[in-house]
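The values are calculated or read from the model by the stated rules, or taken from the named source; none is laboratory data. Quick caveat: nothing in here was measured; it's all calculated off a predicted structure. Virtual Cβ from ideal backbone geometry, glycine too; neighbours counted across all protein chains shown.
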Amino acid sequence: MDDVLIVGAGPTGLVLALWLTKQGIRVRIIDKSTGPGETSRAIAVQARTLELYRQLGIADKVSDAGLKTLSMNLWARGEKKAQIVIGDAGADVTPFPYILMYPQDHHERLLVDHLRSLGVEVERQTEMLGLEDKVEQVEVRVRTKDGMERIYGARYVAGCDGARSPVRHAVGNQFEGGTYKQVFYVADVALGAVDGENQAHISLDTDDFVVVLPYGGGRYRLIGTVRDERTEHPESLTFEDVGHRAIESMCLTIRQVDWFSTYRVHHRVTDRFRHGRIFLLGDAAHVHSPAGGQGMNTGVLDAINLAWKLAAVLNGRAPDSLLDSYDAERRSFALKLVDTTDRIFTFVTAQGGFADFVRTRIAPTLASAAYRIGSIREMIFRMISQTTLSYDQSPLSQGKAGSIEGGDRLPWVREADNYAPLAEIGFQVHVYGEPSVALRKWTTGHGLPLHTFAWTDAHEKLGLARDALYLLRPDTWIALADNSQSIEALEEYFASRGIVLTENA
């Protein structure tokens, strides 16, 4: 019997398999496809995802393979109205101050290769037909490559099988939300000469809309709207059928179309991310508009959030109740994300004279003016990069030291790279200043890594408190912040949640 059976080998499922395998958990990952995707699909990789990829040692490999988008240009009525420089905004926030454009097909192949290097192969052409939670295990009925039906047993099952998720349907979960009336198209194209390959473009024209995202080698992703009169049978459309006014207004020349597809945008969140021993992740749990390039990254963060908790439970170091926090943390974030992307999407696609005026005249002017203010630049970058994501309302979050609370992402200290120790998957303590003798003794006795950093003004500017204790979770969010380095607070944190650090603790 496997520890975890993962249904679906897209980025979410592959990342879950990688994190679990790295922690010694036996996984089986199945997918009904014949191989990794052949089209680019999701393309944006955000800074928070890259930060966490350091735990697998693949952050630099992914970053080097993609194209770093350093600025975003806003166009309206055939003129460039504003330029938002991303790199400047994120330079003090993260080691990865950019939006990385890395097509999903390339991304999946890299993850598959890394998983293979750890001794795990994706079982292709294997389709889940049904499942049953038997209290002690889940029995999953599958049809394998040879056409035979078999029963796979696993202690837990993870549904990473997309928006139409058979796993979600099998457990009877709701998928509440709706579908926007607009039809969108996506195309991968080769463009003629373009100024600055590291620049993305958004055209907010009055009757057309397009996003132009570079991903290297002269190739670009286009995302645009289909005119209303052509939406009755969108599946029959070609690239020649969709509006080109916004493209032409930016003086772009399409040299070749490599891939084209149309789709409708949904905004939905399932009612439960956990159903006994069965979990939903990625598009199986939440779908939303592509605004901000959040979708794939949210699925990856779902996987990382769940992975350390499953490993702790399966290794006997935490009670099953720890897994309830996956639903509490990730569903709350998904609801906020859907609401945010819904508002952005509604603004960009609104119709009518007044909406056109605000979108093409007012918004670019305000964006240009606001982006000259450093704090606003940083705030926008933090939102897009998912570095603002906090679990402050989680049952796993406790305390406050300086302006940093339990549940917050640990601030990155540019001068010292305090993220280097986070490459290890496990609880650890950080002290910015001097740790007490008692803290050194307690952490050593419990096998809890203690990392100290000499106090500097940079720490204070980031909101860290001198000599405070910051307990980091295995997924690098802050679990406990305590000004007094209280041993009692540390002991109470683990004891109240039933978490043990070592087999002898």
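Looking at the stretch 416-433, can you tell me whether even one residue there is in a loop (DSSP other than H, G, I, E, B), aliphatic (A, V, I, L, M), touching a residue at least 40 places away in the same chain (Cβ under 8 Å) and in contact with a helix residue (DSSP H, G or I) (Cβ under 9 Å, 6 or more places away or on another chain)?
At the first step, the residues of the stretch 416-433 found to be in a loop (DSSP other than H, G, I, E, B) are 416-419, 424-427, 433.
After this cut, where a residue has to be aliphatic (A, V, I, L, M) as well, the list is 416, 425.
Those left that are additionally touching a residue at least 40 places away in the same chain (Cβ under 8 Å): 416, 425.
Now drop any that are not in contact with a helix residue (DSSP H, G or I) (Cβ under 9 Å, 6 or more places away or on another chain), which leaves 416, 425.
Yes, the stretch 416-433 contains at least one residue that is in a loop (DSSP other than H, G, I, E, B), aliphatic (A, V, I, L, M), touching a residue at least 40 places away in the same chain (Cβ under 8 Å) and in contact with a helix residue (DSSP H, G or I) (Cβ under 9 Å, 6 or more places away or on another chain).
Out of T452, T456, which single residue is farther than 24 Å from I58 by Cα, in contact with a strand residue (DSSP E or B) (Cβ under 6 Å, 6 or more places away or on another chain), β-branched (V, I, T) and not assigned by TED's automatic domain parsing to the domain that holds A47? First the steps, then the outcome.
Values: T456 fails: in contact with a strand residue (DSSP E or B) (Cβ under 6 Å, 6 or more places away or on another chain).
It is T452.
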- Message: Condition check: polar (S, T, N, Q) and farther than 25 Å from D188 by Cα. Does Q125 satisfy that?
- Response: yes
- Note on the structure: Checked the stretch 292-334 for anything farther than 26 Å from Y98 by Cα and in a loop (DSSP other than H, G, I, E, B); matches are N315, G316, R317, A318, P319
- Message: Against the definition (surrounded by 17 or more Cβ atoms within 10 Å (Cβ to Cβ) and hydroxyl-bearing (S, T, Y)), how does S436 come out, yes or no?
- Response: no
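Is it the case that I30 is farther than 28 Å from D258 by Cα, in contact with a Leu (Cβ under 9 Å, 6 or more places away or on another chain) and touching a residue at least 40 places away in the same chain (Cβ under 8 Å)? Before the answer, list the steps.
On the way: farther than 28 Å from D258 by Cα: yes; in contact with a Leu (Cβ under 9 Å, 6 or more places away or on another chain): yes; touching a residue at least 40 places away in the same chain (Cβ under 8 Å): yes.
Against the criterion (farther than 28 Å from D258 by Cα, in contact with a Leu (Cβ under 9 Å, 6 or more places away or on another chain) and touching a residue at least 40 places away in the same chain (Cβ under 8 Å)), I30 qualifies.
Looking at S394, S390, which one is modelled with pLDDT of 95 or more, out of contact with any helix residue (DSSP H, G or I) (no Cβ under 7 Å at 6 or more places or on another chain), on the phi < 0 side of the Ramachandran plot and part of a loop (DSSP other than H, G, I, E, B)?
Working: S394 fails: out of contact with any helix residue (DSSP H, G or I) (no Cβ under 7 Å at 6 or more places or on another chain).
Among S394, S390, only S390 is modelled with pLDDT of 95 or more, out of contact with any helix residue (DSSP H, G or I) (no Cβ under 7 Å at 6 or more places or on another chain), on the phi < 0 side of the Ramachandran plot and part of a loop (DSSP other than H, G, I, E, B).
Which of the residues spanning the stretch 128-164 are polar (S, T, N, Q) and under 12 Å from D31 (Cα atoms)? Even if it seems obvious, please write down each step before you answer.
First, the residues of the stretch 128-164 that are polar (S, T, N, Q): 137, 144.
Hit for the stretch 128-164 is T144, nothing else.
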- Residue tally, condition part of a loop (DSSP other than H, G, I, E, B) and either of a type outside the set (A, V, I, L, M) or at pLDDT below 95 (or both), over the stretch 6-39: 14
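Looking at the stretch 40-49, which of its residues are among the polar types (S, T, N, Q) and in a loop (DSSP other than H, G, I, E, B)?
Narrowing the stretch 40-49 to residues among the polar types (S, T, N, Q): 40, 46, 49.
Passing the criteria: S40, Q46.
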- Task: Please give the helices (runs of 4 or more DSSP H) falling wholly within the stretch 437-505 in which 1 or more residues are within 29 Å of the chain's Cα centre (by Cα) and among the charged types (D, E, K, R).
- Result: 457-461, 487-497
- Item | The one condition in (1) modelled with pLDDT of 95 or more; (2) in a strand (DSSP E or B); (3) of a type in the set (A, V, I, L, M) that A170 fails to fulfil | (2)
- Query: Only one of these conditions is not met by A246: (1) over 22 Å from G426 (Cα atoms); (2) crowded, with 22+ Cβ neighbours inside 10 Å; (3) modelled with pLDDT of 85 or more. Which number is it?
  - Reply: (3)
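May I ask you to say which residue of Y180, Y156 is among the hydroxyl-bearing types (S, T, Y), touching a helix residue (DSSP H, G or I) at 6+ places or on another chain (Cβ under 8 Å) and surrounded by fewer than 22 Cβ atoms within 10 Å (Cβ to Cβ)? So that I can check it myself, show each step before the final result.
Working: Y156 fails: surrounded by fewer than 22 Cβ atoms within 10 Å (Cβ to Cβ).
Just one listed residue meets the conditions, Y180.
With the condition kept exactly as written, say whether any residue in the stretch 283-291 is in a strand (DSSP E or B) and either among the hydrophobic types (A, V, I, L, M, F, W, C) or modelled with pLDDT of 85 or more (or both).
The initial filter retains those residues of the stretch 283-291 that are in a strand (DSSP E or B), namely 286-287.
Now drop any that are not either among the hydrophobic types (A, V, I, L, M, F, W, C) or modelled with pLDDT of 85 or more (or both), which leaves 286-287.
Yes, the conditions are met somewhere in the stretch 283-291.
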- Note on the structure: When the stretch 58-91 is checked residue by residue, the ones that are under 11 Å from R377 (Cβ atoms) and surrounded by fewer than 17 Cβ atoms within 10 Å (Cβ to Cβ) are V85, G87, D88, A91
- Hits in the stretch 59-108 (condition: among the aliphatic types (A, V, I, L, M), closer than 19 Å to I202 by Cα and over 16 Å from the mean Cα position of the chain (by Cα)): L67, L70, M72, L74, A76, A82, I84, V85, I86, A89
- Message: Among the residues that make up the stretch 280-299, is at least one of them more than 27 Å from G217 (Cα to Cα), surrounded by fewer than 19 Cβ atoms within 10 Å (Cβ to Cβ) and in the same structural domain as V7 (by TED's automatic domain parsing)?
- Response: no
- Which numbered condition I380 fails, given (1) of a type in the set (A, V, I, L, M, F, W, C); (2) in contact with a strand residue (DSSP E or B) (Cβ under 8 Å, 6 or more places away or on another chain); (3) assigned by TED's automatic domain parsing to the domain that holds L471: (3)
- Task: Name the one entry in R116, R109, R48, R41 that is surrounded by 20 or more Cβ atoms within 10 Å (Cβ to Cβ), farther than 21 Å from L410 by Cβ and in the same structural domain as G13 (by TED's automatic domain parsing).
- Result: R41
